1. Provide the gained length on full extension for the span A:Val62 to A:Thr286, in nm with one decimal, where the gain is 0.36 nm per separating residue minus the Cα-Cα distance.
2. Please list, in order, the residues from segment A:118-155 whose amide nitrogen is less than 11 Å from a point placed 7 Å along the Cα→Cβ vector of A:Glu198.
3. Calculate, for A:Asn144 and A:His169, the FRET efficiency according to 1/(1 + (r/R0)^6) with r their C-beta to C-beta distance and R0 25 Å; round to the nearest 0.05.
4. For chain A, what is the percent of antiparallel DSSP beta bridges, rounded to the nearest 5?
5. Taking a probe of 1.4 Å and counting only protein heavy atoms, give the total accessible area buried between chains A and B in Å², rounded to the nearest 100.
6. Which parts of segment B:36-62, residue by residue, lose 10 Å² or more of accessible area when the rest of the protein chains are there, as against the chain isolated (1.4 Å probe)?
7. Please give the contour-minus-distance gain from B:Leu135 to B:Arg41: 0.36 nm per residue of separation, less the Cα-Cα distance, rounded to one decimal in nm.
8. So what is the relative contact order of chain B, in percent, for Cα pairs below 8 Å that sit 6 or more residues apart?
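The values are calculated or read from the model by the stated rules, or taken from the named source; none is laboratory data. None of the values given here were measured: they were computed from a predicted structure. Cβ atoms come from the backbone with ideal geometry, glycine included; neighbour counts cover every protein chain shown. Just the protein is used for accessible areas: all its heavy atoms, side chains included, with ligands, DNA and RNA removed. Shrake-Rupley method; radii C 1.70, N 1.55, O 1.52, S 1.80 Å.
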Amino acid sequence: MKLEELRYGTELLKRGFASMQKGGVIMDVVNAEQALIAEEAGAVAVMALERVPADIRKAGGVARMADPERVLSIIDAVSIPVMAKVRIGHFVEAQVLQEIGVDMIDESEVLTPADEEYHIVKKEFTVPFVCGARDLGEAMRRINEGAAMIRTKGEAGTGNVVEAVRHMHAIMGGIRALSGLSEQELVSFAREIEAPAEVLVETVRLGRLPVVNFSAGGIATPCDAALMMQMGADGVFVGSGIFHSSMPQKMAKAIVDAVHNFNDPAVIMEVSKGIGDPMRGIDVHTLKEDELLQNRGW
Amino acid sequence: MNYSRTVAGNIGILALQGDVSEHIKAFERAGQELGLQGEIRPVKSPNDLTGLAGLAIPGGESTTISKLIIKTGLFESICRFKGGIFATCAGMVIIATDPGDPRIVSLGLIGMKIERNAFGSQKDSFEADINVKGLDFPYHAIFIRAPVAIECDNGVEVISQIGRGIVAVRSGKHMALAFHPELSNDTRIHRIFLENILDL
């Protein structure tokens with residue numbers, strides 16, 4: 001085999017990596033110790049952060065990419081894939097994370113956006129990206145830019161699943177509602193939701209997003225995680241929900257078990273017993289418009 | 001094609017975590033090409049193994065899948081399973097006698113020593129045309145955070161090897177691959193496996 005015949009960073013490799021995460025839980029961690037807890041609990045990957053979203057809310061100020069040293073210490077600690085977040089549009093933070101060797105980059109509304117006009121052109125990178133979306137149009141735009149995985153945004157750092165549910169309805173219901181339309185009608189509808197027509201037509205033909213679709217933003221209990229799976233998520237991201245609960249190790253394991261048995265209420269009941277208090281949470285209706293992270297990105 | 005064999009053609013896909021639906025589709029296609037009528041079904045608990053001629057262990061996270069195999073009680077059942085096992089990527093780690101990582105409890109069904117993530121992180125994942133013994137032209141293989149085997153016992157037949165190590169082996173009815181044939185749109189390796197376990 002000649003080295004020059006190897007191909008790196010193709011669409012197939014990026015989407016393939018995302019497919020390997022299916023049926024799994026990806027956990028936010030801020031240090032090697034938490035990463036090891038996540039791995040031991042059965043997480044398929046960890047998201048390396050400077051702070052979990054609930055703490056980003058509290059801290060205020062500008063939230064940026066994590067310190068490379070922190071990300072590297074987490075990569076060294078675990079054998080599962082490590083992801084990390086960059087600000088929306090901040091392609092240099094993305095270049096740096098690619099250089100570090102993270103397995104996937106999350107262009108995330110949880111951090112303070114760096115560009116209010118454009119998202120990163122993700123096709124130009126070798127490393128795959130995951131991006132948040134609230135509805136079908138947003139998901140289509142991100143996929144068109146090269147996102148290999150979509151996650152519904154929810155409302156990060158609240159421990160309140162209501163926005164994750166809203167966004168999953170919007171995407172899954174959106175696809176179902178379009179299933180009877182002709183290609184011509186879809187092309188016309190694509191203009192209405194500012195979606196690239198080609199990606200929309202492919203999505204409706206498949207009856208699902210052409211990339212893996214995870215749920216995120218507010219998942220705090222095993223029941224929350226199973227709820228998102230039953231609604232059609234391919235897997236879940238749990239941010240503050242693990243390490244802001246009173247017993248992170250137990251909560252992490254219970255959420256993993258609930259995701260693997262999301263259709264089995266008996267198992268979900270068992271794993272929900274004696275796992276301490278979930279994170280306290282925030283009623284999203286008490287948040288001001290400018291405190292909503294989901295409105296970042298478009 | 002001998003259709004009397006179709007009853008024995010049921011294939012299970014270990015459906016605990018990973019790219020299960022891709023494996024189901026690939027086996028459905030390979031089965032159609034061979035004229036088999038057998039069922040391709042997900043395996044989540046020991047009872048699901050009944051009546052299967054083969055079991056695929058898909059790609060995914062080997063640490064996660066190995067934990068789930070134990071938790072679901074599938075560990076002993078798979079070790080006793082009489083059919084052939086088609087293990088890809090994470091599956092290759094899990095089926096080996098030495099998974100190369102103390103955190104993984106492996107099935108130990110193929111005598112080989114694995115190096116996990118042998119090529120590096122996701123940015124080092126690659127596609128390449130490789131030669132596979134038994135195929136008349138190269139196979140376009142997809143390597144995603146792939147392992148390799150660095151040693152194999154006698155009796156394990158190496159059917160593909162690249163610079164970094166061994167990437168495909170056969171051992172009795174079992175096959176293990178470091179890459180992802182379920183993503184390749186080429187069912188030749190699936191067909192070798194099916195022909196072998198179904199004695200076609």
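1. Values: separation 224, 0.36 × 224 = 80.64 nm, distance 2.19 nm.
Extra length from A:Val62 to A:Thr286 when fully extended: 78.4 nm.
2. A:144-145
3. Details: r = 22 Å, r/R0 = 0.89.
After rounding, the FRET efficiency stands at 0.65.
4. Values: 0 of 28 bridges.
For chain A, the DSSP antiparallel bridge percentage is about 0.
5. Details: alone 13490 and 8920 Å², together 19600 Å².
Rounded to the nearest hundred, the buried surface is 2800 Å².
6. B:Lys44, B:Gly60, B:Glu61
7. On the way: separation 94, 0.36 × 94 = 33.84 nm, distance 2.72 nm.
Value of the extension gain: 31.1 nm.
8. Values: 443 pairs, mean separation 39.1, N = 200.
Once divided by the residue count of chain B, the mean separation gives 20 percent.
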